[in-house]
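The values are calculated or read from the model by the stated rules, or taken from the named source; none is laboratory data. Given the structure is predicted, the values throughout are model-derived calculations rather than measurements. Every residue, glycine among them, receives a Cβ derived from its backbone with ideal geometry; neighbour counts consider all protein chains shown. The protein model used for the area step is the full one, side chains on, heavy atoms only, and it has no ligands, DNA or RNA in it. Shrake-Rupley method; radii C 1.70, N 1.55, O 1.52, S 1.80 Å.
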Amino acid sequence: MMNHKKIQNYSILFSILLVFFRCTSSSTTENTYLETDKELMNRALEIHDRVLTVDTHADTPLRMIEPGFDMAKEHDPHETGSKVDYPRMKRGGLDAIFFAAFVAQDIRNNIGNKSAKALCLQMIDSILVSTEKNTDNVGLALNPEDAYKLEKEGKRAIFIGIENGYPIGSDISNIKLYFEKGVRYITLVHSSNNDIADSATDDEGPEHGGISELGKEVVKEMNRLGIMVDISHGNDSVFYDAISLSKAPIIASHSNARMITDHKRNMTDEMLKLIAKNRGVVQLTMISDYLREALPNTQRDSAMAIHRATMKPLEEMTQEDREDYRTEIDEINKKYPIKEANVKHVVDHIDHIVKVAGIDHVGIGCDFDGGGGIEGIFDVSEVMNITIELVKRGYSEKQIQKIWGGNIMRVLGEVQEIAQQIQSKEVS
């Protein structure tokens, strides 16, 4: 039984605590400042302006090889279908971008390889010519230091990648040729199997069981030169092989989280954990079907399948053919519209990857001009909306800096350091 003195002491203590909490509550009510929506947006835009923003995947070179297409002019995405140009990069606050020279998979023989190489070089040269013609606004970037330097100068940094290892053919020396022209990542495979690796989406299924014997030599040479190994579009076995083979961190230049959206182009939690151990990075892409569960639209699917079955190989297309192709795609989209994903879906994936792999292993790879574009991030002029949503969810400026550019620049720097170490050992 508690005595009277103890009861009195507890009463006094309770009274003191009650006064304390009342004072604290009153003080908090008076001093707490609730940020308005406008103030939050302004804060987000200031953060967006301060950090280095990097998009690791755009298929814009497909546009740049079109006669008369000028990257220095602003294009209406609704009228032209174009999602990226230099004025819109500036308007969206995007500091750096990887333009991917994309070559669709075709015949796997000497003739096909030669044609793929020619088209790849044409696109790379179009990037170089455009960059040289617009030195007041952009500059070629070969390493992280170039990107940060160009950002300070108020210019956009242009990196080069290759999507699909098809243009390598069976000649490993082509990798050095592409490196010397500025290529800093190669996506090993695309929508169909090639001689290097298996695709996640080949209708015939896997061919090599992951990365082929030739592909192993490709990864080795990429490590030696300092080219990032990109496993987006590869099947699961390609991922595990790349993790095992590569001496440097790997990337997924445009892939999302499979736990959020069950698509075979996305990455499982086990993959996310392994890429964290590898010190690599996964770059979120803006394709609706990778961001939310695909909504059934059988009429559109049938129309698209028929259209693709009748299209010419890309390298055989004339300017008129390409315009007709886009016009027909636009007509199909208008006739059978799909509900696009939105910015919240993007940050849902970011949240999940941060939870599973950590803040150091996620980035942005929009896939503009290659199918990317969603509600709120339709083209490059709207990428700041990602930052706004990140701020709404409580991400700090330091975290946003890592997501937008810090992580991919760290990986590129490490890949280049490891290449120097490999080359030093060769010399000694």
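Observations on the structure shown:
- Checking every one of the GluC sites (Glu not before Pro) in the stretch 191-285 against DSSP loop status and a limit of 11 other Cβ atoms within 10 Å picks out GLU204.
- Packing-based order for 256-264, 68-76, 194-202, 398-406, using average beta carbon neighbours within 10 Å, highest first: 194-202, 398-406, 256-264, 68-76
- Cα centre as origin, Lys/Arg/Asp/Glu Cβ charges: the chain dipole, Debye: 1960
- Area of ARG326 that stays accessible when all protein chains are in place (1.4 Å probe, Å², to 10): 60
- Rounded to the nearest 10 square angstrom, ARG279 shows an accessible area of 110 square angstrom against a 1.4 Å probe.
- For the residue pairs LYS117/LYS355; LYS155/LYS398; LYS38/LYS152, the C-alpha atoms sit more than 31 angstrom apart in LYS117/LYS355.
- Whole-number Å³ per residue for the convex hull built on Cα positions in the stretch 66-175: 115
- Relative to the longest principal axis of the Cα atoms of the chain, the long axis of helix 407-427 makes an angle of roughly 50 degrees.
- An oblate overall shape is assigned to the stretch 350-416, the ratio a/c of its alpha-carbon gyration tensor axes (a ≥ b ≥ c) being 1.5 or greater and a/b not exceeding b/c.
- Kirkwood analysis of the stretch 383-428, using all unique Cα-Cα pairs, places the hydrodynamic radius at 12.6 Å.
- Note on GLU39 and ASP203: their simple-model spin labels are 5.8 nm apart, each label 7 Å out from Cα toward Cβ.
- Among GLU340, GLU66, the order of accessible area from largest down is GLU340, GLU66, computed with a 1.4 Å probe on protein heavy atoms.
- In degrees, nearest ten, helix 110-133 long axis to first principal axis of the chain (Cα): 60
- Given charges at Cβ of Lys, Arg, Asp, Glu: the stretch 187-250 dipole, positive-most of ILE196, SER212, VAL229: VAL229
- Shape of the stretch 113-203, Cα gyration tensor, a/c cut at 1.5: prolate
- Dipole axis of the stretch 252-295 (+1 Lys, Arg; -1 Asp, Glu on Cβ), positive-most option in ASN278, ALA252, SER288: ASN278
- Tail beyond 41 Å, pair distance distribution of the chain (Cα, percent): 19
- Space enclosed by the convex hull of the alpha-carbon atoms of the stretch 239-371, per residue, Å³: 132
- Interchain or long-range residues, amide H under 5 Å from HIS254's placed H: SER232, GLN283
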